1. Of all residues in region 33-77, count the ones that are of a type outside the set (Phe, Trp, Tyr) and over 20 Å from Glu13 (Cβ atoms).
2. Check Ile15, Ile22 and return the single one that is under 16 Å from Asp80 (Cβ atoms) and touching a residue at least 40 places away in the same chain (Cβ under 8 Å).
3. Suppose we keep only residues that are farther than 29 Å from Ala78 by Cα and aliphatic (A, V, I, L, M) within region 1-33. Which one would you say is surrounded by the fewest Cβ atoms within 10 Å (Cβ to Cβ)?
4. So how many residues does region 57-85 have that are within 20 Å of Cys17 (Cβ to Cβ) and either assigned to a strand (DSSP E or B) or not polar (S, T, N, Q) (or both)?
5. Filter region 1-56 down to the residues that are in contact with a His (Cβ under 8 Å, 6 or more places away or on another chain), part of a strand (DSSP E or B) and of a type in the set (Val, Ile, Thr) and list them by number.
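Coordinate-derived values only; no laboratory data. Every value quoted in this text rests on a predicted model; they were computed, and no experiment measured them. Cβ coordinates were reconstructed from backbone atoms using ideal geometry, including for glycine residues, and neighbour counts include every protein chain displayed.
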Amino acid sequence: MRMRHEESFKLLENIRCHNLLIKASEGPWFQPEDTAKQTLEIYKKHCASFKFMEVEGNHFLHLNEPEKVIDAVNQFLADDLKASL
């Protein structure tokens with residue numbers, strides 16, 4: 001189902017969980033740059049915590065080269081666990 005960016009922004013504003021976004025440097029944004037920046041700002045404002053990082057690789061980075069993201073994922077989960085204790 002497709003929706004306008006304004007509609008998706010309203011949905012994103014309701015996300016309150018901790019959020020880690022890893023983008024592959026060679027991977028597409030799938031949306032215009034200004035829309036992507038607005039999405040990141042919504043995450044920063046509304047998520048319990050938000051971390052964005054860009055890692056060298058293509059769209060399938062997490063499948064083909066998981067060693068490039070595993071430390072960031074583990075650290076994110078460890079930080080979330082510490083915060084919840």
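1. As a first pass, look at region 33-77 and keep what is of a type outside the set (Phe, Trp, Tyr): 33-42, 44-49, 51, 53-59, 61-75, 77.
Still in the list and also over 20 Å from Glu13 (Cβ atoms): 33, 53-59, 61-75, 77.
Of the residues in that region, 24 qualify.
2. It is Ile22.
3. So in region 1-33, the residues farther than 29 Å from Ala78 by Cα come out as 1-8, 10, 30-33.
Remaining after also requiring aliphatic (A, V, I, L, M): 1, 3.
Working: Met1: 2, Met3: 10.
Checked region 1-33; the qualifying residue surrounded by the fewest Cβ atoms within 10 Å (Cβ to Cβ) is Met1.
4. 13
5. Listed by number, the list holds a single entry, Ile22.
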